[in-house]
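> Following this message is one structure expressed as structure tokens.
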Amino acid sequence: MRVDKYLWSIRYYKTRSQATRACKKGHVKVLEQSVKPARDVFPGDRIEIRKNQVQHQIEVIELPPSRVGAKWVDRYRKDHTPKEAFAQQEFLQEAQDYYRKKGTGRPTKKDRRDLEDFAETQSEEE
């Protein structure tokens, strides 16, 4: 089975074209080598996927016949991703939130228009 189809089948990517794009960009490695989307995977292969700044490491247990439900994903792959990788992602998210909270910073176009309307009403009242 092709690596892009496998990653789509076990729900690492929402669409097969996203899986193909990730392979072309070098985000997917099989046996520590970057692969093209058409590379075949076999049971026992180890796949590394870089997604959302986390390096996922999975092992192919079995090849699914087609896209499988979320309950059945563990039948076809074994996840070896270290827990520290997810902790690091949470830390990065918290650090980003610390520097700029949602709604702060530069005003949006809507905010600017509201300010202009407010300024106009204030000048008309005077």
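The values are calculated or read from the model by the stated rules, or taken from the named source; none is laboratory data. Computed from a predicted structure; not experimentally measured. Neighbour counts run over all protein chains shown; Cβ positions are idealised from the backbone, glycine included.
> Mind checking whether some residue in the range 50-64 is hydrophobic (A, V, I, L, M, F, W, C), over 26 Å from GLU90 (Cβ atoms) and in contact (Cβ under 8 Å) with a residue 60 or more places away in the chain?
Yes; the residues of the range 50-64 include at least one that is hydrophobic (A, V, I, L, M, F, W, C), over 26 Å from GLU90 (Cβ atoms) and in contact (Cβ under 8 Å) with a residue 60 or more places away in the chain.
> Tell me yes or no: at least one residue of the range 23-35 is modelled with pLDDT of 80 or more, touching a Phe, Trp or Tyr at 6+ places or on another chain (Cβ under 6 Å) and among the acidic types (Asp, Glu).
No, every residue in the range 23-35 fails to be modelled with pLDDT of 80 or more, touching a Phe, Trp or Tyr at 6+ places or on another chain (Cβ under 6 Å) and among the acidic types (Asp, Glu).
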